[in-house]
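Notes to accompany the following structure.
Please treat every number below as a calculation from the coordinates, not as lab data. These figures come from a predicted structure and were not determined experimentally. Neighbour counts are summed over all protein chains in view; Cβ atoms, including those assigned to glycine, are modelled from backbone coordinates with ideal geometry.
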Amino acid sequence: MLKFLEPNKIFLITSKAPKYVMALFIVVLSLGLIESLILSPEDYKQSHSVRIMYVHVPAAWISLGIFSSITILSLSGFIFKNKHFFLIAKSLAPSGLVFNIIALVTGSIWGKPTWGTWWAWDARITSMLILVLFYLMYLLAWRIYNDKEQVFKITTIITIFGIINVPIIKYSVDWWNTLHQPASINILSKSTIHSSMLFPLMIMTAAFALFSLLIFLMKYNTELIKIKNKGLDRL
């Protein structure tokens, strides 16, 4: 199976994919903006400020999902001795960092009218800020170390420590008294969010996922071109 991860074979697909992903992203984003900004109702307590949720929540989900994926890819690359897993993980990291920052910024904007302050050292906010630091350490390691075997080990260690923070972010509202409300969307139990808000939230999440895929493909293709120029045995 791993032979299909050869850069030349993958590049034949990924080099053509961005234009299709871009077109789909524009369609889904347009639908999501109409649903979230026009058709979805305002909250009875937060009024129209609740619409920040349609950016804040998907951005947080995407950033957590990408870091989890980076960790799995790094461990897989280390276990199976496949350098291409590290390349995929490296290409995912920039979009994860972008969405992590978006989640923090929009959370701060949402916090001002809701909590009366731009920033509070709330457990979830603080743990999301820590996740940004892990993203930065991960990307910085790729910049600093020239020895690829060394950078593979270091980035894997960073992701192992960083993934510990992911369940902390998820369950911080249950473990500690925080300003954040408990989860409104549950997979194993009934969600408390109304369908009129859940539907646009899912569409915006899909749009953000497509955007992160677009960033990944552009970064990934750039990395593949570098490999092609330097030689396929050098990652």
*Report the calculated FRET efficiency for Ile225 and Tyr44 (r = Cβ-Cβ distance, R0 = 41 Å), to the nearest 0.05.*
0.20
*Per 10 Å bin, what percent of the C-alpha pairs of the stretch 57-190 does each bin hold, from zero upward?*
12, 40, 29, 15, 4, 0
*Using just the helices of the chain, give the 222 nm mean residue ellipticity in deg cm²/dmol: DSSP H runs with n ≥ 4 each add -39,500 (n - 2.57), and the total is spread over all residues, rounded to 500.*
-25500 deg cm²/dmol
_I'd like the FRET efficiency for Leu198 and Leu133, computed as 1/(1 + (r/R0)^6) with the beta carbon distance as r and R0 of 30 Å, rounded to 0.05._
0.40
*Using only Cα atoms, find the angle between the long axis of helix 83-115 and the longest principal axis of the chain, and express it within 0 to 90 degrees, rounded to the nearest 10.*
20 degrees
*Roughly how tilted is helix 195-230, in degrees to the nearest 10 and between 0 and 90, from the longest Cα axis of the chain?*
20 degrees
*With the radius of gyration and the Kirkwood radius both derived from the Cα set of the stretch 65-106, what is their ratio Rg to Rh?*
1.10
*asked:* Calculate log10 I(q)/I(0) of the stretch 92-141 for q = 0.16 Å⁻¹, where I(q) comes from the Debye formula with a single equal point scatterer on each Cα and nothing for solvent.
replied: -0.47
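With the cut-off at 24 Å, report for the stretch 5-115 the share of all Cα pairs above it, as a whole percent.
44 percent
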*Given a cut-off of 23 Å, what percent of all Cα-Cα pairs of the stretch 53-133 lie beyond it?*
31 percent
_Quick check on the chain: what does the Kirkwood estimate of hydrodynamic radius come out to from the alpha carbon pairs, in Å?_
19.2 Å
*Do the alpha carbons of any pairs in Lys153/Lys228; Lys90/Lys170; Lys19/Lys81; Lys153/Lys219 sit beyond 29 Å of each other, and which pairs?*
Lys19/Lys81
_Trp118-Leu140 pseudo-label distance in nm [points 7 Å out on the Cα-to-Cβ vector]_ = 2.4 nm
_Charge context of Ile203, other residues only, Cβ under 14 angstrom, K/R +1, D/E -1_ = 0
